[in-house]
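Any read-out appearing in this document is the output of simple, stated calculations on the displayed coordinates, not a laboratory observation. Keep in mind that this is a model prediction, so the values were computed, not measured. Here the Cβ positions follow ideal geometry from the backbone for every residue, glycine too, while neighbour counts run over all protein chains shown.
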Amino acid sequence: MCGVVGIFGNDYVAQDMYDALICLQHRGQDATGIITYDGEIFHTQKDLGLVRDVFHTRHMQKLLGYVAIGHTRYSTIGGGAVEDAQPFLSQSFGVMLAHNGNVFNSYDLKKELLEHDHRLVNSNCDAEIILQLFTKELARQNDKSKKSDLSVKQISDAVKSVYARARGAYSVVSYIANKGMVAFRDPYGIRPLLFGKRKNGLAYDYIFASESIVLDVLGFEFVSDVGPGEMVFIDEKTRAVHHVKVMPKTLTPCVFEYIYFARPDSVLNGISVYKAQMRMGEKLADKVKKLKLDIDVVMPVPDSSRAAAVAMADRLGIKYREGLVKNRYIGRTFIMPGQKIRKKSIQYKLNPMKLEITGKKILLVDDSIVRGNTSKQIVQMIRNAGAKKIYLAIFSPPIINPCLYGIDIPTREELIASSFSVEQVRKFTGADALIYADLKDVFEACISGNPNVKDMCMACFDGKYKTGDIDEKVLKKNAASRLNDKSCGQIEEEFETGPEKRKKGQLNLV
Ligand code: SF4
């Protein structure tokens, strides 16, 4: 997951871009970057770390220009090295680009670009591959027409050439120097991308962003979601906005955006994340009701479970209580690279309030269980704080398949529910009961009342990869290349306490 923003304005836009990236910090904390263009020169600042640490006043003063592309990075493909930080710039073509998603054949494409096209690829980041594919076709189109000015058709053909080669999910924002801004979403629209505008004197500023919260904060009016397989091009000379359906397929947005990743105050594909989580909570409450558990309080694991927990408490007619206090200065553990960091941070991240826990029978609400280690530690923490019973309610189904579309759950071995039954997972976490949501309920909670979304990607739960090009061979290849990727050295650490022991039948069931 990443956050991506493109602003096509009329005057200095770097401050708006900084504010936009702050809004999208939750989508990636590994690295961040901004490239601006002032009509003649591109200005770049990117580095590892959080937005507030990477951009200082001296950087902001140099990020001149009326166009900017910004990015917050969460590594899936490529390493955690600074050369993998986005956006990328092709100086020779005068094109900058960033994306959110994952191109799962990027290693093959990189090899091909190096060996057949003799193109230098300087990073392990798939955004650079998209940039190379895009500029290669732009150059070909330009040569073919013998014109120095590219037409909208030629630009959309370059987007089509990316669709033809890049497999996976990608929401891309790009800018061609003195020509205009180009944004496009993969043919299935798996990752979100929204388009907005804002009056600036007699003209308009335009924005593309991963979440609607950015538009709200910066005072942009929502225009539309970029459709699946759609390109939106803003012509710099005429300021005309062109919408081109380049390769539209059925919209299948990632269901996990609504469960965990997106901010609750965002609306993606016309679906409010907050409302979707509330409906997930209500449906899970109906399932819990049937179990006739003796519950004193409903308690969320903060922050991503609050909306669902409130809805569950309302539906069950049971008190809602906050019993875990989060240190807001520690990042989200799920998206930190490396299990050692993850394990350490959970101890600092949540503090149990004995006042609300001791002697209580608690319905603990969380969004998902990935490896199981975090849930186990939280249950243990609450148990140590004196809880009488802990019933763990998860408002997503068991995650049993890897994601090749941009979320860091790439091998089945890492997923506890992939190898073990619900009862075994319950024992591993130490909870007194474990209730998962049903997939049908989660799907209905998301699409409820939205006629535009008829299907969703739920492959990590049901194994149905909507792009139709992922089979066991691809999954194996992806797992192997991840193990070979030096950036993924943390996997071996994860095996120390997780799946490796489970595979050998050494799981220490409580
Ligand atoms: S596999 Fe899961 S996490 Fe990945 S895009 Fe699909 S729903 Fe989202």
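Put in line by how crowded their Cβ is, counting other Cβ atoms within 10 Å and starting with the fewest, 69, 362, 22 read 22, 362, 69.
Between residue 202 and residue 353, the simple label model (points 7 Å from Cα in the Cβ direction) yields a spacing of 5.7 nm.
Sorting 119-125, 365-371, 283-289, 179-185 by average packing, meaning the other beta carbons within 10 Å per residue, from highest down gives 179-185, 365-371, 283-289, 119-125. Put +1 on the Cβ of every Lys and Arg and -1 on every Asp and Glu Cβ in the range 156-269; which of 217, 200, 232 then has its Cα farthest towards the positive end of the dipole? Ranked along the dipole, the leading option is 232. Projected label points at residue 438 and residue 455, each 7 Å from Cα along the beta carbon direction, are separated by 2.3 nanometres.
Available extension along the chain between residue 250 and residue 265 is 2.8 nm, counting 0.36 nm per residue and deducting the alpha carbon span. Multiplying the residue separation of residue 329 and residue 25 by 0.36 nm and subtracting their alpha-carbon distance yields 108.2 nm. Each peptide in 414-427, 93-106 gets a packing score, the mean of other Cβ atoms within 10 Å over its residues, and the list from highest to lowest is 93-106, 414-427. Cβ crowding within 10 Å, taken as a proxy for footprinting-reagent exposure, orders 222, 443 from fewest neighbours to most as 222, 443.
Among rounded, prolate and oblate, which fits the range 3-249 when a ≥ b ≥ c are the square roots of the eigenvalues of its C-alpha gyration tensor, a/c under 1.5 means rounded, and a/b larger than b/c means prolate?
Cα axes put the range 3-249 in the rounded bin.
Placing a label point 7 Å from the Cα of residue 286 along the Cα-to-Cβ direction, the residues of the range 440-464 with a backbone N closer than 19 Å are 440-451. Each of the peptides 201-211, 55-65 was scored by the mean count of other Cβ atoms within 10 Å over its residues; in descending order, highest first, they stand as 201-211, 55-65.
Summarising the label geometry, the points placed 7 Å from Cα in the beta-carbon direction at residue 242 and residue 314 lie 4.7 nm from one another. Basic side chains Lys and Arg get +1 at the Cβ, acidic Asp and Glu get -1 at the Cβ, and with that the dipole of the chain about its Cα centre reaches some 1300 debye. Excluding same-chain neighbours fewer than eight residues apart, the aspartates and glutamates reachable from residue 144 by a Cα-Cα span under 20 Å are 117, 157.
Normalised by the number of residues in the chain, the average gap of Cα pairs under 8 Å and 6 or more apart makes the relative contact order 12 percent.
With 18 Å as the limit, the listed pairs 245/275; 111/477; 292/361; 388/427; 376/440; 319/376 have 245/275; 376/440; 319/376 beyond it between alpha carbons.
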